[in-house]
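One structure below.
The values are calculated or read from the model by the stated rules, or taken from the named source; none is laboratory data. As the structure is a prediction and not an experimental result, all values here were calculated from the model. Counting neighbours? That spans all protein chains shown, and the Cβs are built from the backbone with ideal geometry, glycine included. We work out accessible area using only protein heavy atoms, side chains counted, and drop any ligands, DNA or RNA first. Shrake-Rupley method; radii C 1.70, N 1.55, O 1.52, S 1.80 Å.
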Amino acid sequence: MDRVLTSSHAPFWHDGSRVSVRSYDVVLAAIPAVLMGIWRYGVPALGVVSLSISCAMLWELLMNVVMKRSVSIGDGNALVVGLLFGMMLPAVVPWWLIVVGTFVAVVVGKQIYGGLGANPFHPSLVAMAIVMLSWKALVDFDGALVNYDMGFCMVYPLGAVKHFGAAAAGNYSMVDLLMGRQSGGIGAVFGLGLIIGGVYLILRATVRWQIPVSFLVGVMVTAHIFHMADAERYAGAMFHVLTGYTLLGAFFLAPEDSSSPVNGLPMVIYGLCGGILTVLIRNLGLFADGVVFAILMMNVANPLLDKLRPKAMGRV
Amino acid sequence: MVKRRFFNVVRRALRYGDAGVGLDDIEELGLPSMVHVPVWGGQPGFGDLKVGGEVATGQLLHGSDGGYVLSPVTGVICSVVERTGYLGRRYVRVSIEVSGEDRFDGGLVEAVGGSDFDFLRRHLVSVPGKGDFSLLVGFDPVVNVVVVHGMDEDIGVVTRRLMVQSDGLLEGISYLKQVVRAGRFVLVVCEGISGVSGVDRVEVKPVYPNGLPEVLMRRVPGLSGGGVGFVGPEAVLFFSRLSEGVIDFGKVVMVSGGGMASRLVKVRVGTAVGDILSSLGVVVGDGDRVILGGPMRGRAVSDLEEPVMWDTDAVLVQSGSEVIRAEDGQCINCGECIRVCPVRVPVNMLVRVLASGLYEEAAERYDLDSCIGCGLCDYVCVVRIPILQYIMLGRQEVMRLAEGTNG
Ligand code: SF4
Ligand code: SF4
C-alpha cells in the first residue's frame, strides 16, 4: 500500500492548450509576411529580423537571471516580441538600434511590470514608439531604403500621401500593395501574407476576432469619411488598410493578450477606437503612420474599457 | 480527455457523451469485508460511534452533535477515527466489519410496513442517490419542488441517465411524495431519453455544464424561486424498494479509465474504491490518479481506502502519463476562460486577486460567489493555472472571514 497517487484539485482534464503554442502560432502566422520581406530586401532584412529575435531572447534570459525568476524563454513570448519589432523596422538600420529597441521592448515594456501577462502595453510597440521618437531619421523608410531600387515606387506610400495629397495614392496599385511591392517595414508590406496569417490566427482562436475586425472597420470608416470630405487631400479606405502597419497592427499588435480587453463590447470599442485614431494621426498628426501610437493609446484605455463587462449571473 | 480543436474559433460543446454501457451491463459485486462511512460533525466515542458496537443495515449511527448516517451493512464497528476532508472539513470515519447477510433495522422495517412516514422522516439521512436528506425532510425552509435529477453532472458519466430509465421510478416517486411533502415533483432528463412518463418532465440538452443543479435552477422554469431540493434517481428507486420492504444500499457506479472499457458495477455504499478496482482487475500504479466522480468535478483520492459514497456516480482512473499538471504561471489575459464561463465570471481578474490573497476584493468586485464550480475555466486555461482550486480556497477564506467578524 505504499503507492503514491497523484492528488490534485478538480478538474482533471485539460484541453492541452499552452502559452508556447500560442506564441509559435503567431510566429507561424507571421512567416509569409517575413519571408516576403526578406525576399524583397535580401540579406539586410534577414539580418535585422534575426538580430531582433536573438536580442529579445537574450534580454529575456538576462532579466530572468537578474530578477531570479524561472526561465521564461520557453513560452516563446520573447521570440514573438523580437520578431514583431523586427517586422516593423526598415531593412537597413544600425545594429545598435535593434539592441536598444529590444531592450526597451523586453525589459522596459514587459519585465519590469512583472513579466508576461502584467505588461500594460504591447512590448514591441513600446520599443517602436521610443525608436520613432528618438531616432526618427533612422526609421524613416524613404531615408533608410534610399539605396534600394526594385522596380516599383520606392517612396513610402503614407509619406507620399502626407506630402503630396491623395493623388500620390494613384502611384500604387492595390495589387502591388497586396503583393508587397511597396516600401515599408520588413514584415509589414506583404498585405496578402498578413491577411492570411491573421485569418489563420482568428480561426485558431489565438486572436480574438473582434479586435482585428473592429480595428479594420475603424480604419476604413474613418478613412472613407476623410476621403469623402476632401478627396484631393485624403486617400481612400483601401489605401489606408494596405499601407503602413495597418494589417500588422490589426492582426498582430492590437490583439496582444495582456494589453487588450477580453470582454465583448470592450474589444469592439478598443478595436474601433484604435482604427479611428490610426487614421486621425495619419491625416491630421505629425507622423506618417499612426498605428503605433493609436494602439499604445488604446492599451492605456484597456483596463478601463474592460470594466464594461456583463454582470455575472446570479449577482444582485 | 477532450482536446482543443485545431481551429477553435467556434468552440466545441462538451457533450455528456455515451459510455457504451446500458442497464443490462450492471455487474453486482459481492459484499465487501469492510465499509467506511463518514459522519460529519461527530466525535469518536460519542453516541453510537464506539468500536465494538454492533449495527444492523439501515440502523442510525448518531454522532455527538447532530451528525448521523444510516449504516449500509450489518456488522461490527471496528474503527472510529477523526479525519480531515475537502477544504479542511473534519469528520469521523466509521469503519464497519461486515459480518454477513443483511439484518435490517427493526424500527425501519416496521415503519415501512405500517406507513409511519413521521418515523421515516426522522430516520432519513442518507440513501444511495442522495447523500443528505436533512433539508428535504427538515421542512425548514420548506422545500416546494423536488427535482428528480436524471442527468449526470459530470462529463462521460452515464449512471444517472441509465438509472432514471429503471423500472419502479414512478412508484418510488409516489412513495417519496408521501415522505417529503413537497408541492411539486419535476423529473429532469437529457433530451431523447425514452420512457418515464406520467410525471412533470423537463428535457435538457446533454451539454456540459447543463446537468449541474446550479444551471438547472436558472434554466428550468419554476426552479429559480428557491425552495428546491434535488434527488438522484437511485434515491427514488431506494424508496420504491423500501415500499416492498427491502432496504437496498447498493449504489451503481461507473468505472472507467485505466485502459479498460467503461463498466457499471453495483456495490454497497461505503465500499473502498481500492476493493472495487481490484475486483475489476484494474491495477493502479505510482503517479496514477484515482478520482471519485467525473473529470470536471470529481475528487482525487490519496488513499484507495476512500469509500464510494451515496452520491458517487463514477470512479475514474487516469494513468500518470495522462495527468496534465497545473503550473504556477501568471494569467496572460488570453480571455479563454471568459469565453467558456457559463455565468460570466471575470475569471481573468478574479484569478489575479485570488493569487494575491485579496479574498474580500474577489468577492465584492469579481463575482467569486457567482461561480458554479464547473471547472471549465480551469480546463481551458492556457497557463494551466489551478483556477478552480483558487476559487474554492477563496470562498472558504471569505466564509472564514465572515464568521470571524460575526462571532
Ligand atoms: S468554474 Fe470557472 S467557468 Fe465555471 S462558473 Fe466558475 S468561474 Fe465560471
Ligand atoms: S484562461 Fe488562464 S491565462 Fe487566459 S485569461 Fe483566463 S486565467 Fe488568464
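Between the Cα long axis of helix B:233-242 and the first principal axis of chain B there is an angle of about 0°, rounded to the nearest 10. When Rg and Dmax are taken over the Cα atoms of the range A:19-138, they come to 13.7, 42 Å. Phi angles across the range B:346-351 convert, under the Karplus curve 6.51 cos²θ - 1.76 cosθ + 1.60 with θ = phi - 60°, into 3J(HN,Hα) values of x, 4, 4, 6, 4, 5 Hz, Gly and Pro given as x. For the peptide A:199-206, the mean number of other protein chain Cβ atoms found within 10 angstrom of a residue's Cβ is 4.
For peptide B:282-295, the mean count of partner chain Cβ atoms within 10 Å of a residue's Cβ comes to 3. Put simply, chain B fits an ellipsoid with semi-axes of 34, 25, 24 Å; these come from the alpha carbon gyration tensor as the roots of five times its eigenvalues, largest first. For the pair A:S7 and A:V217 in one chain, pulling the backbone fully straight at 0.36 nm per residue adds 70.7 nm over the alpha carbon distance.
Computed from Cα atoms, the angle from the helix B:169-179 axis to the main principal axis of chain B rounds to 80 degrees.
Judged by a Cβ-Cβ distance under 4.7 Å, the unpaired cysteines of the protein assembly as shown are A:C55, A:C153, A:C273, B:C78, B:C190, B:C331, B:C334, B:C341, B:C371, B:C374, B:C381.
Shown for the range B:249-318 is the translational diffusion coefficient from the Stokes-Einstein equation, using the Kirkwood radius over Cα pairs, a temperature of 37 °C and a viscosity of 0.692 mPa s: 280 µm²/s. Buried accessible surface for the B/A chain pair comes to about 5000 Å², total over both chains, computed with a 1.4 Å probe. Estimated from helices alone, the mean residue ellipticity of chain A at 222 nm is -17500 deg cm²/dmol (sum of -39500 (n - 2.57) over DSSP H runs with n ≥ 4, per residue). Rounded to the nearest 0.05, what FRET efficiency do B:D25 and B:L135 have when you use their Cβ-Cβ distance and R0 = 30 Å? Rounded to the nearest 0.05, the efficiency is 0.35. Listed by chain and number, the lysines whose alpha-carbon sits under 20 Å from that of B:K251, ignoring those within fewer than 8 places in the same chain, are B:K130, B:K266. Taken along the Cα-to-beta-carbon direction at a fixed 7 Å, the label points for A:W39 and A:V146 span 3.0 nm. Computed on the range B:63-186, with alpha-carbon pairs under 8 angstrom and 6+ residues apart, the relative contact order is 19 percent.
Please state the charge dipole magnitude for the range B:249-318, taken about the Cα centre, from unit charges on C-beta atoms (+1 on K and R, -1 on D and E), reported in debye and rounded to the nearest 20.
On the way: 7 positive and 8 negative charges, 62 e Å.
Charge dipole of the range B:249-318: 300 debye, to the nearest 20.
The chymotrypsin sites (Phe, Trp or Tyr not before Pro) of the range B:1-96 meeting both criteria, a DSSP state outside H, G, I, E and B (loop) and at most 11 other C-beta atoms within 10 angstrom of the site's C-beta, are B:F6, B:F7. Taking a straight Cα-Cα cut-off under 19 Å and skipping sequence neighbours fewer than 8 places away in the same chain, the aspartates and glutamates within cross-link reach of A:K307 are A:E256, A:D257, B:E336, B:E360, B:E361, B:E364, B:D367, B:D369.
Once backbone amide H atoms are built at 1.01 Å from N, B:A314 has B:M254, B:G293 as its partners under 5 Å, excluding neighbours fewer than 5 places away on the same chain. With all protein chains kept in place, the per residue accessible area of the range B:336-406 amounts to 41 square angstrom at a probe of 1.4 angstrom. With respect to chain B, whose longest principal axis is taken over its alpha-carbon atoms, helix B:387-406 is tilted by about 70°. For chain A, the solvent-accessible area of protein heavy atoms averages 39 Å² per residue (probe radius 1.4 Å; ligands and nucleic acids excluded).
Please report, ordered by residue number, every helix of chain A (full DSSP H runs) that is 15 Å or longer along its axis going by C-alpha atoms and whose mean Kyte-Doolittle hydropathy reaches 1.0. Present the calculation step by step, with values, prior to reporting the outcome.
Details: long enough: A:19-41 (32 Å, 1.10); A:43-66 (34 Å, 1.75); A:77-88 (17 Å, 1.99); A:123-134 (17 Å, 2.06); A:191-203 (18 Å, 2.31); A:210-229 (28 Å, 1.46); A:264-284 (30 Å, 1.53); A:291-305 (20 Å, 2.01).
The answer, listed by residue number, is A:19-41, A:43-66, A:77-88, A:123-134, A:191-203, A:210-229, A:264-284, A:291-305.
The charge dipole of the protein assembly as shown, taken about its Cα centre with unit charges on the Cβ atoms of Lys, Arg (+1), Asp and Glu (-1) only, comes to about 2140 debye.
Fully extended, how many nm does the chain gain between A:I31 and A:H163 (0.36 nm per residue separation, minus their Cα-Cα distance)?
Separation in residues times 0.36 nm, less the Cα-Cα distance, equals 44.3 nm.
Using Stokes-Einstein with the Kirkwood hydrodynamic radius over Cα pairs, what translational diffusion coefficient do you get for chain A at 10 °C and a viscosity of 1.306 mPa s, in µm²/s rounded to a whole number? It would help to have the intermediate numbers written out before the result.
On the way: Rh = 20.1 Å.
Estimated diffusion coefficient is 79 µm²/s.
For the peptides B:296-307, A:123-134, B:213-224, the ranking by mean Cβ contacts within 10 Å, running from highest to lowest, is A:123-134, B:296-307, B:213-224.
In this rough spin-label picture, where each label sits 7 Å from Cα along the Cβ direction, the B:R325-B:L280 distance is 2.7 nm. Beta bridges from DSSP with both residues in the protein assembly as shown: antiparallel share about 65 percent, rounded to the nearest 5. Taking the 1.4 Å solvent-accessible surface of the protein assembly as shown as the whole, the part contributed by carbon and sulfur is 59%. Placing dummy labels 7 Å off each Cα toward the beta-carbon, the span from A:V21 to B:D303 is 3.7 nm.
Assuming R0 = 60 Å, what is the FRET efficiency of A:I112 and B:Q178, from their Cβ-Cβ distance, to the nearest 0.05? So, using R0 = 60 Å, E works out to roughly 0.30.
What is the average number of partner chain Cβ atoms found within 10 Å of a Cβ in B:320-333? Show your work: numbers first, answer last.
Values: counts 3, 0, 3, 4, 7, 3, 3, 2, 1, 8, 6, 5, 12, 13.
Counting other chains' Cβ atoms within 10 Å and averaging over B:320-333 gives 5.
How much FRET efficiency would the formula 1/(1 + (r/R0)^6) give for B:K50 and B:K3, where r is the Cβ-Cβ distance and R0 is 60 Å, rounded to 0.05?
Numbers: r = 52 Å, r/R0 = 0.86.
Between B:K50 and B:K3 the formula returns 0.70.
When only C-alpha pairs under 8 Å and at least 6 residues apart count, what is the relative contact order of the range A:149-305, in percent? Relative contact order comes out at 25 percent.
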